[in-house]
Amino acid sequence: MIPERTAGGRRSRILLALVIAIVVLVAGAGGTVLYARTQLEAPAAAHGTVVNVDVADGETLDGLVDDLRAHDLVRSAFWFHWYARLRGLGGKLRAGRYRLDTGMGASAVIARLEMPPDARTVKLVLPEGLTAAQIAQRVQSDGLGITAAAYVDEEHTGHFSDGFLDGRPAGAPLEGMLFPDTYEVPIGATAHDVVAQQLQAFMSKALPMLGSPPKGFTPYQTLVIASIVEREARLPADRPMVAGVLYNRLARGMDLQVDASVMYGLAEPGRNPTADDLKHDTPYNTYLHAGLPPTPIANPGLASIEAAVHPTASGYLFYVSDGCGHNHYSTTAAEHDALVQQYLNSPCR
């Protein structure tokens, strides 16, 4: 009888062990499910903050997850990947900009990424007359994910053809050819892509106008004059007049004495020069160096290019701007000095 009691006790202990194991497994599975749910449903950040996440063309979830974690949109990369693959989101994502919120939770983020993006492009507005450095700052601030330094580096050293504009020195920066316009820039574009888009616009819109420059000037020299016109003429009617004055002074061997060029050389566009500024020797100081500055001093629009190609014929050699931005012209230094006294720093009436 003793062996039977021992066998029965053994069976009871085995049954108890099985029950305990099952309970442990169920509890463990429940805990795992609860943990996974916490990782997927609970927001990564305490307070919801709107975040724009850009998905580049061809980007996968693996490449995006670090960006999501950096923006407090994901608590656990493991569970995020697991759930995303369960939902069938393991492949390439649709390129574009997604408006997310740190209070959404990972499962809600995945659900949002399954839908079309809020935007596939970013609108970049570049007005006439900006320098490459000023454009770089706009590119950086417009949410393209491109730094100003990357844009400037591309503008200076990017691999673009030197031969499409006659007279442009080999290796010269692209200043003057970064065409001012409104661009729809694809999400994920690089600095090279933005510059290439601007050059394409320049070649299609501005280059045909520069094909017939004034006699004795190359298309590139004409573009330099157009850039000066863009910075020196604030009103449309003054553009061809200013261009005419510039050509007249060049024809007579006179220094151009363009304030905007001086300030470009000092990397301070838009400010009026001081007496000390005019003495500062840079290649762009047209008070100290004869002829045209070595490159354009801004990126002109079509109206200024048209003025440089078709200047107004006159005998004027000087101009001064009044407080309203209108230029006043003269033929002699004495007349110019009188107009300077009358109009320089005058209020707009």
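Pairing each residue of the range 219-235 that is open to solvent by 10 Å² or more (accessible area, probe 1.4 Å) with any residue that is among the polar types (S, T, N, Q), provided the two are 6+ apart or on different chains, yields C-beta distances under 7 Å for GLU230/SER304; ARG234/SER321.
Residue by residue, here is whether (1) at pLDDT 95 or above; (2) among the acidic types (Asp, Glu); (3) part of a helix (DSSP H, G or I) holds:
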| residue | (1), (2), (3) |
| --- | --- |
| GLU175 | yes, yes, no |
| GLN197 | yes, no, yes |
| ILE225 | yes, no, yes |
| ARG234 | no, no, no |
| MET241 | yes, no, yes |
| VAL245 | yes, no, yes |
| ASP255 | yes, yes, no |
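Comparison of ARG94, ARG138 shows that the only residue that is open to solvent by 40 Å² or more (accessible area, probe 1.4 Å), within 30 Å of ILE297 (Cβ to Cβ), touching a strand residue (DSSP E or B) at 6+ places or on another chain (Cβ under 8 Å) and not in a strand (DSSP E or B) is ARG138. Filtering the range 61-80 to residues that are in contact with a Leu (Cβ under 7 Å, 6 or more places away or on another chain) and not in a loop (DSSP other than H, G, I, E, B) leaves LEU61, LEU64, TRP79. Residues in the range 170-189 that are over 20 Å from LEU130 (Cα atoms) and in contact (Cβ under 8 Å) with a residue 40 or more places away in the chain were compared, and the one that is most open to solvent (accessible area, probe 1.4 Å) is PRO186. Of all residues in the range 261-285, those that are assigned to a loop (DSSP other than H, G, I, E, B) have Cβ atoms under 7 Å from Cβ atoms of residues that are among the β-branched types (Val, Ile, Thr), 6 or more apart or on another chain, in LEU266/THR282; PRO269/THR131; PRO273/VAL262; TYR284/VAL262; TYR284/ILE297; ASN285/VAL262. The number of residues in the range 294-349 being in contact with a His (Cβ under 8 Å, 6 or more places away or on another chain) and part of a strand (DSSP E or B) comes to 5. No other residue among ALA243, ALA206 is touching a helix residue (DSSP H, G or I) at 6+ places or on another chain (Cβ under 8 Å), buried (at least 22 other Cβ atoms within 10 Å of the Cβ), in contact (Cβ under 8 Å) with a residue 24 or more places away in the chain and within 19 Å of ASN327 (Cβ to Cβ) apart from ALA243.
For the range 115-135, the candidate set comprises residues that are open to solvent by 10 Å² or more (accessible area, probe 1.4 Å) and out of contact with any strand residue (DSSP E or B) (no Cβ under 8 Å at 6 or more places or on another chain); within that set, the residue that is farthest from SER227 (Cα to Cα) is MET115. Scanning the range 177-195 for residues that are farther than 18 Å from PRO296 by Cα and in a helix (DSSP H, G or I) yields ALA191, HIS192, ASP193, VAL194.
Pairs are defined by a Cβ separation below 6 Å, a sequence spacing of at least 6 or placement on different chains, a first member in the range 118-143 that is over 18 Å from ALA201 (Cα atoms), and a second member that is assigned to a helix (DSSP H, G or I); the pairs so defined are GLN137/ALA148; GLN140/ALA148. Looking at GLN221, GLN200, just one residue is under 23 Å from ALA136 (Cα atoms) and among the polar types (S, T, N, Q), and that residue is GLN200.
The residues of the range 311-349 that are of a type outside the set (A, V, I, L, M, F, W, C), in contact (Cβ under 8 Å) with a residue 40 or more places away in the chain and more than 10 Å from MET241 (Cα to Cα), listed by number, are GLY315, SER321, GLY325, HIS326.
All of (1) more than 19 Å from ASP54 (Cβ to Cβ); (2) open to solvent by less than 70 Å² (accessible area, probe 1.4 Å) hold for ARG112 with one exception: (1).
The values are calculated or read from the model by the stated rules, or taken from the named source; none is laboratory data. Remember, predicted model here, so these are calculated numbers, not experimental data. Please note: Cβ atoms are built from the backbone with ideal geometry, for glycine as well, and neighbour counts cover all protein chains shown. Surface accessibility is based on the protein's heavy atoms, side chains included, excluding ligands, DNA and RNA. Shrake-Rupley method; radii C 1.70, N 1.55, O 1.52, S 1.80 Å.
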